[in-house]
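Report on one structure; see the data block that follows.
The values are calculated or read from the model by the stated rules, or taken from the named source; none is laboratory data. Note that the structure is a prediction, hence the values are computed from the model and not measured. A quick note on method: Cβ atoms are made from the backbone with ideal geometry, for glycine too, and the neighbour counts reach across all protein chains shown.
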Amino acid sequence: MNDIREVDVVVIGAGQAGLSSAYHLRRTGFVPDRDFVVLDHSPGPGGAWRYRWPSLTYGTVHGMHALPGMELTGADPARPSSEVITEYFDRYERAFGLRVRRPVDVRAVRAVRENGDGRLLVESSEGSWATRALISATGTWDRPFWPRYPGQETFRGRQLHTAQYPGPEAFAGLRVVVVGGGASGTQHLLEIAPYAASTTWVTRRPPVFREGPFDEEAGRAAVALVEERVRQGLPPRSVVSVTGLPLTDAIRQGIADGVLDRQPMFDRITPDGVEWKDGRRVEADVILWATGFRPAVDHLAPLRLREPGGGIRMEGTRVAADPRIHLVGYGPSASTIGANRAGRAAVRDIRRLLAEQPLAAA
Ligand SMILES: Cc1cc2nc3c(=O)[nH]c(=O)nc-3n(C[C@H](O)[C@H](O)[C@H](O)COP(=O)(O)OP(=O)(O)OC[C@H]3O[C@@H](n4cnc5c(N)ncnc54)[C@H](O)[C@@H]3O)c2cc1C
């Protein structure tokens, strides 16, 4: 496996963003396995959907857009989205012959300066590829964000993150503290409350509930805000952090029932629970951190793309500091519709780049 294989494009990740990119590569004449490869470290299809909890049914996910070129029709809304979408991605990969290679874990991407033909070296668990362009579509699921609080290591109960959420039954009879004011935190609370002995909801900032429908214009405005951040090289924020939480019937009911009675963030964790500065305490068996995810971009660290602001400066889907590299599903394109559009935009840009820059030594 020491041979370095040469391709025009490496796509890292086969979630919505990677598959959309692969589809557009294929459609515009790039041949899978010859001109481009798609590498994914999961054992099977589905991207992060594969790992989502069983109670997140297809009927409860909102605004899941189909991949380009193939509708997702007739799915039973009562089935877990992890099953529905995994099967759909599997069909999609076969239908378009995308030949995703898995499990292939990409560990590092480096600039190859010495041979001078302008390639990037993609190092993985299954050997290396030298590529003229890169689409990194690695999502966020692999980088759950756990904030640190004093006393955390002394807690005698169980701590887990949304990424490990097993569904509500596991919390039967337990006292649960849920941390986080996003969509996952509120969904977890609404599900767990009927099973748990008690639930407590804490968030850093008061949650912002959004009245009224979330139309296309509001969506565009939210995406534009995240886009502006990444253009400045700041870390992207989740789209929910700029749109607020939709005030659905379930959320209204949760507020009325007192399940969504938000408390400010606690100040420390004790062996038996959590504690505020004013001496108030809540005893807990479980702390569930619904504190979000960060972009999974550690494999790009050798390229030193991070700006002083803490993010990667972007121009559309292209990394400002290196036009060979595109991040799809990053920041403003971290939604199913955004990933679709970004895949197409990245491929258009890469085609132009490759046409303008023929290899020095082919
Ligand atoms: C609970 C939850 C619910 C959501 N619901 C919706 C919704 O209803 N509608 C919506 O539009 N969006 C939703 N989102 C956002 C959604 O996840 C994205 O829109 C989209 O599915 C992400 O696609 P992606 O391809 O960017 O990432 P992923 O689906 O995470 O795919 C990334 C892929 O990259 C692979 N990978 C990562 N690192 C490496 C590496 N180093 N080497 C090789 N492979 C690697 C992973 O194995 C994975 O297959 C939700 C997110 C969460 C957390």
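Structure values in brief
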| item | result |
| --- | --- |
| The range 85-109, residues that are on the phi < 0 side of the Ramachandran plot and over 23 Å from the mean Cα position of the chain (by Cα) | Arg94, Ala95, Phe96 |
| Matching residues, the range 25-45, being over 20 Å from His299 (Cβ atoms) and within 14 Å of the ligand (Cβ to nearest atom) | Gly44, Pro45 |
| Thr199 over 22 Å from the mean Cα position of the chain (by Cα), polar (S, T, N, Q), under 19 Å from Arg262 (Cα atoms) and not assigned by TED's automatic domain parsing to the domain that holds Ala108 | yes |
| Condition check for Ala346: under 30 Å from Pro150 (Cα atoms), in contact with a helix residue (DSSP H, G or I) (Cβ under 7 Å, 6 or more places away or on another chain) and within 16 Å of the ligand (Cβ to nearest atom) | no |
| Condition met for Ala14 (within 17 Å of Thr336 (Cα to Cα), in a loop (DSSP other than H, G, I, E, B) and within 12 Å of the ligand (Cβ to nearest atom)) | yes |
| Residue count, the range 46-57 (criterion: part of a loop (DSSP other than H, G, I, E, B) and either more than 8 Å from the ligand (Cβ to nearest atom) or touching a residue at least 60 places away in the same chain (Cβ under 8 Å) (or both)) | 4 |
| Residue in the range 315-329 that is nearest to Leu134 (Cα to Cα), counting only those that are in contact with a helix residue (DSSP H, G or I) (Cβ under 7 Å, 6 or more places away or on another chain) and within 11 Å of the ligand (Cβ to nearest atom) | Val328 |
| Residue in the range 65-78 that is touching a strand residue (DSSP E or B) at 6+ places or on another chain (Cβ under 7 Å) and surrounded by 16 or more Cβ atoms within 10 Å (Cβ to Cβ) present | no |
| Looking only at the range 190-233, and only at residues there that are out of contact with any strand residue (DSSP E or B) (no Cβ under 8 Å at 6 or more places or on another chain), assigned to a loop (DSSP other than H, G, I, E, B) and free of Cβ contacts under 8 Å to residues at least 60 places away in the same chain, the one that is surrounded by the most Cβ atoms within 10 Å (Cβ to Cβ) | Tyr195 |
| Thr270 within 16 Å of the ligand (Cβ to nearest atom) and either outside the structural domain of Ser136 (by TED's automatic domain parsing) or among the hydroxyl-bearing types (Ser, Thr, Tyr) (or both) | no |
| Condition broken by Phe214, with the remaining ones in (1) within 16 Å of the ligand (Cβ to nearest atom); (2) at pLDDT 90 or above; (3) over 20 Å from Thr291 (Cβ atoms) satisfied | (2) |
| Test: residue in the range 19-42 that is more than 20 Å from Arg348 (Cα to Cα) and out of contact with any strand residue (DSSP E or B) (no Cβ under 9 Å at 6 or more places or on another chain) | yes |
| In the range 301-310, the residues that are outside any helix (DSSP H, G or I) and within 16 Å of the ligand (Cβ to nearest atom) | Leu305 |
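Residues checked against (1) more than 20 Å from the chain's Cα centre (by Cα); (2) farther than 22 Å from Gln164 by Cβ; (3) surrounded by 14 or more Cβ atoms within 10 Å (Cβ to Cβ); (4) assigned by TED's automatic domain parsing to the domain that holds Ala346:
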position: Val9; (1), (2), (3), (4): yes, yes, yes, yes
position: Ser20; (1), (2), (3), (4): no, yes, yes, yes
position: Arg34; (1), (2), (3), (4): yes, yes, no, yes
position: Leu39; (1), (2), (3), (4): no, yes, yes, yes
position: Pro45; (1), (2), (3), (4): no, no, yes, yes
position: Trp53; (1), (2), (3), (4): no, no, yes, yes
position: Val61; (1), (2), (3), (4): no, no, yes, yes
position: Glu83; (1), (2), (3), (4): no, no, yes, yes
